[in-house]
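Trainee: Take this structure, written in structure tokens, and hold onto it; I'll ask about it next.
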Amino acid sequence: MSTSSPARPLVVGVTGASGAPIALKVLQVLAETDIPVALVVSDGGAAVLREECGLYPRDLEQYADATYDDGDSAAKIASGSSSTRGMVIVPCSGNTLAKISHGFADTLITRAAQVHLKERRPLVLVPRETPLSPITLRNMTTAAEAGAMMLMASPPYYLKAERVEELVAYLAGKVLDQFSVPHKLYRGWKADEAVA
Ligand SMILES: Cc1cc2nc3c(=O)[nH]c(=O)nc-3n(C[C@H](O)[C@H](O)[C@H](O)COP(=O)(O)O)c2cc1C
């Protein structure tokens, strides 16, 4: 009898900030690894996914091992006893950030985020907003102080990108770096390695 426990999933939440192509790229790369993905898309995330990628949440299911409804607060990932390797919310809307930083857990995404904070597991938030109000700045600080990593969807301009896809790949690569997922999505500053 095998005693090995099932691989811990990475929870991927997709919410309604601009940046759905980054989520798509992250999911596509993860699907090429042996890391199981638990996916949740909020209604706002679905609206932006449609607007920016011409896709529906069901189109993302092929990249995930498990997909949950954002209203399913009884899902496995809503419990701290269900082990994961971490969670990323990409992109992370100001609305979801505000809820997380104030302890709200009225959706599966926000509940799973609270679980990651209380269990001291990696939680990466990828907000996209500009300019930033003092409210959002405070929310970012609060979330960061609680243990979340704020990974802004802001690419560097030394990439001299000619296509939006290059900026998307860079940001997806930065997300994957936080979970030590190997990729060839971007070349670091003055790095020698080839980029796919
Ligand atoms: C096309 C589109 C783009 C949006 N872009 C952003 C954005 O960049 N940042 C943000 O915080 N909210 C953005 N919003 C607003 C959020 O989607 C909205 O606040 C939504 O209620 C968030 O819900 P959620 O946090 O449950 O996903 C956008 C909405 C739409 C329809």
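Trainee: Output the residues belonging to segment 46-67 that are within 15 Å of the chain's Cα centre (by Cα) and among the aromatic types (F, W, Y).
Mentor: Y63, the sole residue that qualifies.
Trainee: Scan segment 85-105 for residues that are surrounded by fewer than 23 Cβ atoms within 10 Å (Cβ to Cβ) and either hydrophobic (A, V, I, L, M, F, W, C) or more than 11 Å from the ligand (Cβ to nearest atom) (or both) and report the count.
Mentor: Number satisfying all stated conditions: 7.
Trainee: Any chance segment 171-194 includes a residue that's in contact with an Asp or Glu (Cβ under 7 Å, 6 or more places away or on another chain) and surrounded by fewer than 21 Cβ atoms within 10 Å (Cβ to Cβ)?
Mentor: yes
Trainee: What residue, among those in segment 141-170 that are β-branched (V, I, T) and surrounded by 13 or more Cβ atoms within 10 Å (Cβ to Cβ), is farthest from V26 (Cα to Cα)?
Mentor: Filtering segment 141-170 for residues that are β-branched (V, I, T) and surrounded by 13 or more Cβ atoms within 10 Å (Cβ to Cβ), the one farthest from V26 (Cα to Cα) comes out as T142.
Trainee: Working carefully through the options T141, T110, find the one that is touching a Phe, Trp or Tyr at 6+ places or on another chain (Cβ under 9 Å) and not in a loop (DSSP other than H, G, I, E, B).
Mentor: T110
Trainee: Which ones in segment 30-45 are touching a residue at least 40 places away in the same chain (Cβ under 8 Å), over 13 Å from the mean Cα position of the chain (by Cα) and more than 16 Å from the ligand (Cβ to nearest atom)?
Mentor: T33, I35
No value in this document is a laboratory result; all are computed from the given coordinates. Because the structure is predicted, anything quoted here is derived from the model rather than measured. Virtual Cβ from ideal backbone geometry, glycine too; neighbours counted across all protein chains shown.
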